[in-house]
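Q: Right, I'll just put the structure down here and ask away after.
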Amino acid sequence: MILLTGGAGYIGSHIAVALLDAGLDVVAVDNLSNSNSTSLERIRAICGRSVIFRHADIRNEEAIYQILRAHDVTAVIHLAGLKAVGESSAQPMTYYDNNVVGTMRLVSAMTRAAVKTLVFSSSATVYGTPAYLPLDEKHPVAPINPYGRTKYFIEEILKDLHGSDKDWRIAILRYFNPVGAHESGLIGEDPLDVPNNLLPIVAQVAIGRRPKVHVWGNDYDTPDGTGIRDYIHVVDLASGHLSALSQLRQPGLLTVNLGTGSGSSVMDVIQTFKEVSGRPVPYVIDQRRVGDVAICYADPTLAKNLLGWTSKRSLTQMCADHWHFQMKNPNGYRGA
Ligand code: NAD
Ligand code: WQD
């Protein structure tokens, strides 16, 4: 049995499907602070069987310990956390408590239950401003906001944990920019608030929920002047977790990028979305957003060599699947 924290969320629901499809059993823990239990019903519709759901907070060590014991958990995939960069600057203590303290409580519960296999969702945001590209795992880490620092501190805590007890098997996965949705259109990204990320905004503009995309700067040193990112299909990202779990059959600690290795600009995304949706995507050029870098993309070589994993899906597929979910769920899960 795999314990999946944050299992009702965007990436967690796709990992749940990948685990169930691989024949594994899943207990999902989520406090539903940024998600909706409808995603869990949709997982059942896709897979024909359910995850076990426990409504709990990862900071509740006793509750997590009981869940680990009751379900005979052998490994944990840990996604639960807060992820809004701007909010993390306004409420850093909330972020440190939820993400860092939450992970420490989870690890304590795992230690008590003698479950010592952990896959952790980190982020390319730990690299901060790139000193060179593509970003490989040896690139220095220097996060530039409290959210990024929560990921960095957790990485360091996990390294110390592994240093103190080599029985731990830990995979730190640094995601680049996850987008898209399951091909069924039943699960996808459903931001509860105004979205911050590009793809949900573009999708909401295409469907008419917002008037236009604000393109944050077209004066970067890139071919079309707009920011370049390594967008990765969430289904490819999910399969990377299965590869990491397989690798953890051997002891060790690994830190691996999950990205495609190629970058797309904001204008590439808008143009591709327009083509796959057949809808207009009006935009306006605005000031640069504070804290944005010009270009960020992964060197995915280590994931290929170590995990045997590569991403497969194109930007067109990412936009098409994102649009499919948006069309089927114009108001997200709330319309369900
Ligand atoms: P999400 O908000 O959809 O999922 C996170 C889930 O964790 C939510 O369902 C939320 O309710 C739950 N949660 C939060 N705090 C909790 C707590 N204390 N106890 C129990 N449950 C809690 O976000 P996501 O995009 O699916 O991200 C999943 C993970 O991946 C996060 O850790 C995030 O930092 C990381 N990540 C995301 C991105 C991205 O762009 N989406 C990129 C890099 C890394
Ligand atoms: C992508 C590009 C924007 C919105 C963030 C977090 C990072 C990680 C992934 C969790 C940039 C441009 C965006 C808009 C725009 N999350 N943009 N108009 O900033 O690369 O990364 O999400 O770990 O930590 O920082 O992603 O989707 O916000 O932006 O022009 O309305 O789209 O400037 O070039 P980002 P994003």
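The values are calculated or read from the model by the stated rules, or taken from the named source; none is laboratory data. Keep in mind that this is a model prediction, so the values were computed, not measured. For neighbour counting, all protein chains shown are included, and Cβ atoms are generated from backbone atoms with ideal geometry for every residue, glycine included. Ligands, DNA and RNA are excluded from the accessible area calculation, which covers all protein heavy atoms including side chains. Shrake-Rupley method; radii C 1.70, N 1.55, O 1.52, S 1.80 Å.
Q: Go through ARG334, ARG313 for me and flag whichever is basic (Lys, Arg) and either open to solvent by less than 40 Å² (accessible area, probe 1.4 Å) or in contact with a strand residue (DSSP E or B) (Cβ under 6 Å, 6 or more places away or on another chain) (or both). If you could, list the steps in order and put the result at the bottom.
A: Working: ARG334 fails: either open to solvent by less than 40 Å² (accessible area, probe 1.4 Å) or in contact with a strand residue (DSSP E or B) (Cβ under 6 Å, 6 or more places away or on another chain) (or both).
Selected residue: ARG313, the only one of ARG334, ARG313 that is basic (Lys, Arg) and either open to solvent by less than 40 Å² (accessible area, probe 1.4 Å) or in contact with a strand residue (DSSP E or B) (Cβ under 6 Å, 6 or more places away or on another chain) (or both).
Q: Can you tell me which of ASP230, ASP236 is open to solvent by less than 40 Å² (accessible area, probe 1.4 Å), out of contact with any helix residue (DSSP H, G or I) (no Cβ under 8 Å at 6 or more places or on another chain), modelled with pLDDT of 95 or more and closer than 26 Å to VAL17 by Cβ?
A: On the way: ASP230 fails: out of contact with any helix residue (DSSP H, G or I) (no Cβ under 8 Å at 6 or more places or on another chain).
On inspection, the qualifying residue turns out to be ASP236.
Q: Another one. Given the condition assigned to a helix (DSSP H, G or I), open to solvent by 60 Å² or more (accessible area, probe 1.4 Å) and not hydroxyl-bearing (Ser, Thr, Tyr), answer yes or no: does some residue in the range 275-298 qualify? Explain how you work it out, then say what you get.
A: The initial filter retains those residues of the range 275-298 that are assigned to a helix (DSSP H, G or I), namely 275-277.
Next, only the ones that are open to solvent by 60 Å² or more (accessible area, probe 1.4 Å) stay: 275.
Applying the additional criterion that residues be not hydroxyl-bearing (Ser, Thr, Tyr) yields 275.
Yes; the residues of the range 275-298 include at least one that is assigned to a helix (DSSP H, G or I), open to solvent by 60 Å² or more (accessible area, probe 1.4 Å) and not hydroxyl-bearing (Ser, Thr, Tyr).
Q: A further question follows. Which one is nearest to ligand 1 (Cβ to nearest atom), of the residues in the range 231-284 that are of a type in the set (Asp, Glu) and without any contact (Cβ under 8 Å) to a residue 60 or more places away in the chain?
A: The initial filter retains those residues of the range 231-284 that are of a type in the set (Asp, Glu), namely 236, 268, 275.
This time we only want the ones that are without any contact (Cβ under 8 Å) to a residue 60 or more places away in the chain, so: 268, 275.
On the way: ASP268: 18, GLU275: 23 Å.
By that ranking, first place goes to ASP268.
Q: Given LEU106, LEU79, LEU32, LEU20, which one is within 20 Å of the chain's Cα centre (by Cα) and at positive phi? Even if it seems obvious, please write down each step before you answer.
A: Numbers: LEU106 fails: at positive phi; LEU79 fails: at positive phi; LEU20 fails: at positive phi.
That would be LEU32, the only listed residue that is within 20 Å of the chain's Cα centre (by Cα) and at positive phi.
Q: Within the range 183-213, restricting attention to residues that are more than 23 Å from the chain's Cα centre (by Cα) and of a type in the set (D, E, K, R), which residue is farthest from THR226 (Cα to Cα)?
A: Applying the filter and picking the extreme gives ARG209.
Q: Which pairs have Cβ atoms under 6 Å, sit 6 or more apart or on different chains, and link a residue in the range 197-224 that is farther than 14 Å from TYR283 by Cβ to one that is within 16 Å of ligand 1 (Cβ to nearest atom) and in a loop (DSSP other than H, G, I, E, B)?
A: Qualifying pairs under 6 Å: PRO200/GLU189; PRO200/PRO191; TYR220/GLY227.
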